[in-house]
Amino acid sequence: MVTTLGLKMAAESGRRAGSSDSGLGLSRWHWSGPLWFRGVLLLLGGLRASTTSIPVSLRSSPPCRHHVPSDSEVINKVHLKNHIVKRDVNEHLRIKIIYDKSIEELLPEKRHLVKNKLFPQAVSYLEKTFQVRRPAGTILLSRQCATNQYQYLRKENDHHRCCTEECAEHTKCGPIIVPEEHLQQCRVCCGGKWPCGAVGVPDQEGVRDADFVLYVGALATERCSHENIISYAAYCQQEAKMDRPIAGYANLCPNMISTQPQEFVGMLSTVKHEIIHALGFSAGLFAFYRDKDGNPLTSRFADGLPPFNYSLGLYQWSDKVVRKVERLWDIRDNKRVPHTVNLLVTPRVVDEARKHFNCPILEGMELENQGGMGTELNHWEKRLLENEAMTGSHTQNRVLSRITLALMEDTGWYKANYSMAEKLDWGRGMGCDFVRRSCKFWIDQQRQKRQMLNPYCNTLRSNPLQLTCRQDQRAVAVCNLQKFPKPLPQEYQYFDELTGVPAEDLPYYGGSVEIADYCPFSQEFSWHLSGEYQRSSDCRVLENQPDLFKNYGAEKYGPHSVCLIQKSAFVMEKCERKLSYPDWGSGCYQVSCSPEGLKVWVQDTSYLCSRAGQVLPVSIQMNGWIHDGNLLCPSCWDFCELCPPETDPPAVNLTRALPLDLCSRSSSLVVTLWLLLGNLFPLLAGFLLCVWH
């Protein structure tokens with residue numbers, strides 16, 4: 001998966017502002033890329049106005065360009081040793097990780113991350129999620145030929161692949177050399193004539209107790225130097241009986257491995273994504289998929305292989321796997337244009353997609369149609385399954401949904417444990433118009449109904465920044481609608497009007513993620529300081545907690561935090577000084593469930609939500625400052641399993657008593673003054689008595 005967290009997307013240019021007031025503990029910030037926003041402190045009362053620059057970048061990776069291995073890089077029809085093995089039907093997929101020596105050459109902290117966290121956790125999840133329908137015995141891989149010229153023996157009980165000249169000195173799986181002990185004996189047919197004989201060392205011991213061998217390396221390959229990627233992966237050998245991949249590789253680009261704790265979840269998701277490509281989600285394997293009875297879904301030639309499409313450089317699938325469909329596509333100026341999509345139409349995928357979108361007439365699940373070679377066809381359509389882990393770029397909160405598990409089951413090679421699927425909120429229950437029409441059609445329909453545009457948006461990124469929440473309410477987000485330097489392709493021009501935008505400029509506007517068909521949506525982001533990643537806007541990551549003197553909204557990040565809408569900007573007040581931050585609209589806060597309903601916690605103070613949309617006036621004291629603002633209550637059902645009926649909040653006690661200013665009116669100061677007077681009173685009385693006498 002091509003992933004770098006916090007990569008800046010192309011955007012409008014911005015300006016750089018001056019330094020901040022050092023007396024408030026605010027450091028100097030600089031722009032860190034083409035996506036710039038300017039944060040301004042509004043200092044009301046006794047302080048002079050000042051500005052500070054906050055660099056914000058949308059959390060999005062470049063598109064994943066899954067390299068479908070060429071015909072010369074893959075060995076088909078590998079006959080497994082002792083193939084028929086009795087195993088418990090509930091036994092899970094077994095993935096054997098083999099680390100290349102390049103992993104040992106990494107810096108100690110990176111090596112520990114790869115060997116003790118990233119790959120063990122990713123493999124553990126996938127082993128629990130999938131079972132193999134036809135388990136392997138010992139895996140003994142075929143050798144590559146020096147000239148890639150070969151033929152297969154057709155003798156009974158001997159179906160080895162024979163090289164017409166000689167075997168290659170090394171057999172590789174992607175860029176990684178396969179150990180000799182994993183290989184069959186070399187077999188050569190001299191000059192391509194019979195008989196073919198075995199030469200060199202005999203069959204080795206192979207890999208026992210495994211269904212798939214994963215070779216993991218950290219080689220600084222040409223792809224690593226020319227592409228901005230963390231890792232890439234593919235399959236390299238397929239077994240003969242069912243065409244299932246039995247070996248593959250994953251290569252990590254050593255300079256892109258990050259040991260920052262806040263980036264671990266994204267890297268783990270990337271590794272899972274790549275292994276799934278190697279296991280079956282690849283356009284290069286579509287032609288090898290089988291039905292539930294093990295029969296090929298694509299017809300085969302006499303040699304047992306499907307037809308090869310030389311223009312695409314891969315085996316051509318049948319329309320039982322992928323089918324082209326033409327949609328009517330709404331664009332600006334009330335026009336409709338044809339829009340061709342590729343649908344994956346295998347039975348379980350169709351069933352899961354229909355249930356997810358609540359569209360009983362949906363023909364299949366759309367595959368990606370943008371991003372170029374490697375992104376197209378190898379991923380789900382980003383517009384429809386935005387944060388699904390097998391879409392073509394990492395933007396936010398990736399999850400492996402039931403739809404991806406259904407695809408893996410429809411390969412004919414695996415059974416899926418659907419209890420391991422992660423919840424996908426994007427597009428859930430939104431109907432046929434959402435999944436079969438353009439995002440313009442959906443946005444216009446929602447406007448006419450006076451309903452929220454979710455999951456899309458139409459708010460321009462501006463100064464100040466208008467914050468909102470990600471669709472799942474787990475991160476602060478911003479609408480990624482932006483102006484491009486050139487007009488978008490006609491079929492992706494969606495807007496008839498935008499506030500403050502001249503009509504002639506409308507064709508330049510769209511969402512920043514190209515492979516989402518330029519549809520704008522609310523997206524989490526990250527902050528950078530002097531070009532260095534600082535934190536993201538994911539509410540659940542404790543490390544994202546803002547510094548005390550930058551925490552205007554009294555936010556709290558952590559595993560139990562969620563994103564809530566702010567009805568007004570928060571104000572910090574102390575000694576007649578007032579600070580407010582112009583980039584507002586949402587923040588991260590903790591919530592809890594109670595018999596009375598949902599409770600919102602601002603620091604250590606709880607506020608009860610009686611109904612969704614209720615305004616909570618917040619006033620708390622933190623670090624010597626008073627923080628005032630208003631939050632909107634979410635629906636209790638968004639976070640709790642049991643909720644009482646909604647009611648209007650009580651007419652009294654809607655607000656809490658405002659803490660007095662610590663500098664002049666605080667209750668503690670009043671108490672201190674009274675104590676002082678109390679201690680002085682006897683002395684004063686004695687003095688007056690002496691004077692009297």
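The values are calculated or read from the model by the stated rules, or taken from the named source; none is laboratory data. Worth saying up front: this structure is predicted, and the values here are computed from it rather than measured. In this analysis, Cβ positions are derived from the backbone assuming ideal geometry, glycine residues included, and neighbour counts consider all displayed protein chains. Accessible surface is based on the protein model in full, side chains and every heavy atom, while ligands, DNA and RNA are left aside. Shrake-Rupley method; radii C 1.70, N 1.55, O 1.52, S 1.80 Å.
Just to be sure, is Ala247 more than 25 Å from Thr391 (Cβ to Cβ) and surrounded by 24 or more Cβ atoms within 10 Å (Cβ to Cβ)?
Values: more than 25 Å from Thr391 (Cβ to Cβ): yes; surrounded by 24 or more Cβ atoms within 10 Å (Cβ to Cβ): yes.
So Ala247 passes the test.
State whether the residues of the stretch 490-497 include one that is farther than 21 Å from Trp329 by Cα, at pLDDT 95 or above, more than 23 Å from the chain's Cα centre (by Cα) and open to solvent by less than 40 Å² (accessible area, probe 1.4 Å).
Going residue by residue through the stretch 490-497, those that are farther than 21 Å from Trp329 by Cα are none.
Within the stretch 490-497 (the criterion being farther than 21 Å from Trp329 by Cα, at pLDDT 95 or above, more than 23 Å from the chain's Cα centre (by Cα) and open to solvent by less than 40 Å² (accessible area, probe 1.4 Å)), the answer is no, since none of the residues qualifies.
Tell me, which residue of the stretch 381-412 that is open to solvent by 10 Å² or more (accessible area, probe 1.4 Å) and in a loop (DSSP other than H, G, I, E, B) is farthest from Met430 (Cα to Cα)?
This residue is His394.
Taking the stated definitions as given, is Glu363 open to solvent by less than 10 Å² (accessible area, probe 1.4 Å), of a type in the set (D, E, K, R) and within 30 Å of Asn295 (Cβ to Cβ)?
Against the criterion (open to solvent by less than 10 Å² (accessible area, probe 1.4 Å), of a type in the set (D, E, K, R) and within 30 Å of Asn295 (Cβ to Cβ)), Glu363 does not qualify.
Scan the stretch 296-332 for residues that are open to solvent by 60 Å² or more (accessible area, probe 1.4 Å), at pLDDT below 95 and either assigned by the TED database to the domain that holds Val78 or within 30 Å of Gln490 (Cβ to Cβ) (or both) and report the count.
Going through the stretch 296-332 one residue at a time, the tally reaches 3.
Output the qualifying pairs, or none if there are none: Cβ atoms under 8 angstrom, residues six or more apart or on different chains, first residue in the stretch 84-99 and more than 14 Å from Tyr125 (Cα to Cα), second residue of a type in the set (Gly, Ala, Ser) and at pLDDT below 90.
Every condition considered, the pairs that remain are Ile84/Gly137; Val85/Ala136; Val85/Gly137.
Just to be sure, is Gln473 assigned to a helix (DSSP H, G or I), closer than 17 Å to Ser522 by Cβ and modelled with pLDDT under 95?
Details: assigned to a helix (DSSP H, G or I): no; closer than 17 Å to Ser522 by Cβ: yes; modelled with pLDDT under 95: yes.
So Gln473 fails the test.
Let me confirm something: among Cys609, Cys563, which residue is out of contact with any helix residue (DSSP H, G or I) (no Cβ under 9 Å at 6 or more places or on another chain) and outside the structural domain of Thr468 (by the TED database)?
Details: Cys609 fails: out of contact with any helix residue (DSSP H, G or I) (no Cβ under 9 Å at 6 or more places or on another chain).
One residue alone meets the criteria, Cys563.
Kindly indicate whether any position in the stretch 77-90 is at pLDDT below 50, open to solvent by less than 30 Å² (accessible area, probe 1.4 Å), assigned to a strand (DSSP E or B) and at negative phi.
no
Residues in the stretch 218-226: is at least one surrounded by fewer than 20 Cβ atoms within 10 Å (Cβ to Cβ), without any contact (Cβ under 8 Å) to a residue 24 or more places away in the chain and more than 21 Å from Glu104 (Cα to Cα)?
Yes, because at least one residue in the stretch 218-226 is surrounded by fewer than 20 Cβ atoms within 10 Å (Cβ to Cβ), without any contact (Cβ under 8 Å) to a residue 24 or more places away in the chain and more than 21 Å from Glu104 (Cα to Cα).
Evaluate the stretch 423-430: report whether one residue or more is open to solvent by 40 Å² or more (accessible area, probe 1.4 Å) and either outside any loop (DSSP other than H, G, I, E, B) or of a type in the set (S, T, N, Q) (or both).
So in the stretch 423-430, the residues open to solvent by 40 Å² or more (accessible area, probe 1.4 Å) come out as 423, 425, 428-430.
If we keep only those that are either outside any loop (DSSP other than H, G, I, E, B) or of a type in the set (S, T, N, Q) (or both) as well, we get none.
Checked against the condition, which is being open to solvent by 40 Å² or more (accessible area, probe 1.4 Å) and either outside any loop (DSSP other than H, G, I, E, B) or of a type in the set (S, T, N, Q) (or both), the stretch 423-430 yields no hits at all.
Going through the stretch 460-488 one residue at a time, which ones are without any contact (Cβ under 8 Å) to a residue 40 or more places away in the chain and open to solvent by 30 Å² or more (accessible area, probe 1.4 Å)?
Ser462, Lys486, Pro487
Looking only at the stretch 321-347, count how many residues are part of a strand (DSSP E or B) and among the acidic types (Asp, Glu).
Number of matching residues: 2.
Please tell me if Arg577 is touching a residue at least 40 places away in the same chain (Cβ under 8 Å), over 22 Å from Cys636 (Cα atoms) and surrounded by fewer than 20 Cβ atoms within 10 Å (Cβ to Cβ).
Taking the combined requirement at face value, the residue satisfies it.
Tyr552 - would you say it is over 16 Å from the mean Cα position of the chain (by Cα), in the same structural domain as Gln590 (by the TED database) and in contact (Cβ under 8 Å) with a residue 60 or more places away in the chain?
yes
Being more than 20 Å from Asp472 (Cβ to Cβ) and open to solvent by less than 20 Å² (accessible area, probe 1.4 Å) is the filter here; which residues of the stretch 561-571 pass it?
Here is the first cut: in the stretch 561-571, the ones more than 20 Å from Asp472 (Cβ to Cβ) are 567-571.
Within the stretch 561-571, just Phe570 meets the criteria.
Go through the stretch 163-191 and give me each residue that's out of contact with any Phe, Trp or Tyr (no Cβ under 6 Å at 6 or more places or on another chain) and assigned to a strand (DSSP E or B).
Cys167, Lys172, Ile177, Leu183, Cys186, Arg187, Val188
Using the structure shown, decide if Ser419 is under 19 Å from Ile515 (Cβ atoms), out of contact with any Cys (no Cβ under 8 Å at 6 or more places or on another chain) and not basic (Lys, Arg).
no
Got a number for residues in the stretch 580-618 being open to solvent by less than 30 Å² (accessible area, probe 1.4 Å) and either on the phi > 0 side of the Ramachandran plot or not in a loop (DSSP other than H, G, I, E, B) (or both)? Before you say what the answer is, go through the steps one by one.
Just the residues of the stretch 580-618 that are open to solvent by less than 30 Å² (accessible area, probe 1.4 Å), to begin with: 580, 582-583, 585-589, 591, 594, 597-598, 600, 602, 607, 609-610, 614, 616, 618.
Then keep just the ones that are either on the phi > 0 side of the Ramachandran plot or not in a loop (DSSP other than H, G, I, E, B) (or both); that gives 580, 585-589, 591, 594, 597-598, 600, 602, 607, 609, 616, 618.
Count: 16.
Can you confirm whether Lys415 is under 29 Å from Ala136 (Cβ atoms) and part of a strand (DSSP E or B)? Write out each step before concluding.
Details: under 29 Å from Ala136 (Cβ atoms): yes; part of a strand (DSSP E or B): yes.
For Lys415, the condition - under 29 Å from Ala136 (Cβ atoms) and part of a strand (DSSP E or B) - is met.
Mind listing whichever residues of the stretch 342-360 are crowded, with 22+ Cβ neighbours inside 10 Å and either of a type in the set (A, V, I, L, M, F, W, C) or at pLDDT below 95 (or both)?
Leu344, Val349, Ala353, Phe357
I'd like to know if the stretch 266-273 contains one or more residues that are closer than 22 Å to Leu314 by Cα and open to solvent by less than 10 Å² (accessible area, probe 1.4 Å).
yes
Which one of Tyr418, Tyr456 is among the aromatic types (Phe, Trp, Tyr) and surrounded by fewer than 20 Cβ atoms within 10 Å (Cβ to Cβ)?
Within the list Tyr418, Tyr456, the selection yields Tyr418.
Just give me the residues in the stretch 528-560 being polar (S, T, N, Q), assigned to a loop (DSSP other than H, G, I, E, B) and open to solvent by 20 Å² or more (accessible area, probe 1.4 Å), in sequence order.
First, the residues of the stretch 528-560 that are polar (S, T, N, Q): 530, 534, 536-537, 544-545, 551.
Right, trim to assigned to a loop (DSSP other than H, G, I, E, B) and you get 530, 537, 545, 551.
Ser530, Gln545, listed by residue number.
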